[in-house]
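None of the figures in this text is laboratory data; all of them are computed from the coordinates on show. Please read all numbers here as calculations on a predicted model, not as lab measurements. Virtual Cβ from ideal backbone geometry, glycine too; neighbours counted across all protein chains shown.
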């Protein structure tokens, strides 16, 4: 059972919370957590960049950040997603906004599961897993 809260810093951001819940269940279905509480927050580039500077000391644009609050037998976490980056990435990579939002949510969840993208080998493993999920996913968030 996943306790999910989906919020945004801008009321114009469109998303279907129930669909996001289904996506989280899909990605986390084979985990052994006793309970899962997630807060997914859609924000703009500026907000996410401030978090990146504050917590990672990096002043760069990013599209998703995952913050585990507790990650042992219980998963409690926040995932911040830049809606601005999702829109821009969709245009740059010629994919739908839905496809990009699914990709970013999956990416954040995989980080919480221990996947890393800080070197070429771990990045390939993570991105292969991510794209397998994204390509097989028919969940409509927007």
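The sum of -39500 (n - 2.57) across all DSSP H runs of n ≥ 4, divided by the residue count of the chain, sets its helix-only mean residue ellipticity at 222 nm to -15500 deg cm²/dmol.
With coordinates expressed along the principal axes, the C-alpha atoms belonging to the chain extend over 36, 33, 31 Å, beginning with the largest. Which residues does the label zone of residue 118 cover in the stretch 47-77, counting backbone N under 12 Å from a point 7 Å along Cα→Cβ? Taking a point 7 Å out along Cα→Cβ of residue 118, the residues of the stretch 47-77 whose backbone N falls under 12 Å are 56. Of the residues 126, 1, the one with the fewest other Cβ atoms within 10 Å heads the list, and the complete ranking is 1, 126. Residues of the stretch 31-46 with amide nitrogen under 12 Å from the 7 Å Cα-to-Cβ point of residue 70? Counting only backbone N, you get 34-38. Of all DSSP-defined beta bridges confined to the chain, some 30% are antiparallel rather than parallel.
Were the residues from residue 17 through residue 35 laid out at 0.36 nm apart, the gain over their Cα-Cα distance would be 4.6 nm. Taking the fewest neighbouring Cβ atoms within 10 Å as the starting point, the ordered list for 128, 117, 57 is 57, 128, 117. Exposure proxy shown here: for 80, 115, the number of other Cβ atoms within 10 Å sets the order, fewest to most, as 115, 80.
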